[in-house]
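Please read the structure below before turning to the comments.
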């Protein structure tokens, strides 16, 4: 994970911001031909359409043997990307408020506020996960596995509710609450509770993904009576724009490779597949729906954006999702059984190296093991 940590953060933060601004610039300039929009309207759309959701790609990768680092990069970027996109979308909406008067000071203040919202949500979510771990340590509910699982869901929901009440980001808070729960609280679960939680979460995740796709499908029919405007020129522009903006993957990977040894560099075929994984999904659609309820934007604009988002999501899911397996073959990314064994051996070797490497990351891991886990985890875990 350490090997890809910088790459994931760069893709999620720098990459998402680049994608949002690049899409906004392309939509604003080329939109003069298809559907003219203001700079603020272009940025709002760029922010909401920057959210990637490669559900179908991840499902395919989990069932096929591919390089573990590639899977980690795809999953890690998608996990953080949505949170960054939501923050940018809220930032754009704050600029559209009638009381907002643009100046350098107000722009910087609003931007730093958005950054503060992200880190505040992150700290809140991670802290609640640690609190859950502490409670499970002392409650000793080993004979009540259903209560342990219920507590996990209660704290996850609490992180969302409290963050929204504090005008933070619920999606960021619940994401980091999940990370903290996995890192700490899960070790305090009984074996039965752990298996129950994993099984239930798989079912819930599958059900949620299915409902999102059903809702998207119904959206095509439900929003066809004046609620949605399909400007086909603008839709085509949107799809081309997000594909161009997604090229930040090659820029970030190239820069990252400069600081890596030859053996650890990301090859071009993996970079190409990572670029391909920029599918759009439910998060974009939900933000587009929220935009239709915002009176600070033109009604016609919000209807065009809703229609454009719907068609962009469907196009990327249907065409990109359907070709995932074929692209893995074309790019020769599938691993043989021998390559899988070699990859596992390299991972074990890397873990051993990191354990003895006196870096900042190793210091943090050592501190976490000696003090934080000692405080939050049961004895013997």
Q: Search region 47-72 for residues being closer than 14 Å to residue 320 by Cα and at pLDDT 75 or above, and hand back the single one that is surrounded by the most Cβ atoms within 10 Å (Cβ to Cβ).
A: 52
Q.
Could you tell me how many of the residues in region 176-211 are crowded, with 18+ Cβ neighbours inside 10 Å and either in contact with a helix residue (DSSP H, G or I) (Cβ under 6 Å, 6 or more places away or on another chain) or without any contact (Cβ under 8 Å) to a residue 24 or more places away in the chain (or both)?
A. 11
**Q.** Hits in region 327-347 (condition: in a helix (DSSP H, G or I), modelled with pLDDT of 85 or more and either more than 25 Å from the chain's Cα centre (by Cα) or more than 18 Å from residue 55 (Cβ to Cβ) (or both))
**A.** 329, 330
Q. For residue 164, all conditions in the list (1) in contact (Cβ under 8 Å) with a residue 24 or more places away in the chain; (2) within 22 Å of residue 284 (Cα to Cα); (3) in a helix (DSSP H, G or I) hold save one; what is the number of the exception?
A. (1)
Q) Of all residues in region 218-231, which are closer than 20 Å to residue 283 by Cβ and either assigned to a helix (DSSP H, G or I) or at pLDDT 80 or above (or both)? A) 218, 219, 220, 222, 228
Q. If we scan region 92-109, do we find a residue that is closer than 19 Å to residue 13 by Cα and buried (at least 21 other Cβ atoms within 10 Å of the Cβ)?
A. yes
Q) Any residue in region 121-140 that is touching a residue at least 12 places away in the same chain (Cβ under 8 Å) and within 23 Å of residue 43 (Cβ to Cβ)? A) yes
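To keep it simple, each residue is scored yes or no on (1) buried (at least 19 other Cβ atoms within 10 Å of the Cβ); (2) within 15 Å of the chain's Cα centre (by Cα); (3) in contact (Cβ under 8 Å) with a residue 40 or more places away in the chain; (4) under 18 Å from residue 314 (Cα atoms).
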residue: 267; (1), (2), (3), (4): no, no, no, no
residue: 277; (1), (2), (3), (4): yes, yes, yes, yes
residue: 282; (1), (2), (3), (4): yes, yes, yes, yes
residue: 286; (1), (2), (3), (4): no, yes, no, yes
residue: 295; (1), (2), (3), (4): no, no, no, no
residue: 302; (1), (2), (3), (4): yes, no, no, no
**Q.** Condition broken by residue 215, with the remaining ones in (1) assigned to a helix (DSSP H, G or I); (2) exposed (fewer than 11 other Cβ atoms within 10 Å of the Cβ) satisfied
**A.** (2)
Q | Single condition residue 305 does not satisfy, out of (1) in a helix (DSSP H, G or I); (2) in contact with a helix residue (DSSP H, G or I) (Cβ under 9 Å, 6 or more places away or on another chain); (3) at pLDDT below 90 | A | (3)
Q.
Here is a check on your reading of the model: is residue 154 buried (at least 17 other Cβ atoms within 10 Å of the Cβ) and either at negative phi or assigned to a helix (DSSP H, G or I) (or both)?
A. no
**Q.** Wholly enclosed helices (runs of 4 or more DSSP H) of region 1-105 bearing at least 1 residues touching a helix residue (DSSP H, G or I) at 6+ places or on another chain (Cβ under 7 Å) and within 22 Å of residue 208 (Cα to Cα)
**A.** 39-49, 55-63, 68-95
(Q) When you scan region 245-262, do you find a residue that is part of a helix (DSSP H, G or I), more than 18 Å from the chain's Cα centre (by Cα) and at pLDDT below 85, even just one? (A) yes
Q | Test result for residue 211, under 17 Å from the mean Cα position of the chain (by Cα) and closer than 30 Å to residue 90 by Cβ | A | no
(Q) residue 261 - would you say it is more than 26 Å from residue 86 (Cα to Cα) and free of Cβ contacts under 8 Å to residues at least 24 places away in the same chain? (A) yes
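The values are calculated or read from the model by the stated rules, or taken from the named source; none is laboratory data. Quick caveat, the model's predicted, so the values are computed rather than measured. Cβ coordinates were reconstructed from backbone atoms using ideal geometry, including for glycine residues, and neighbour counts include every protein chain displayed.
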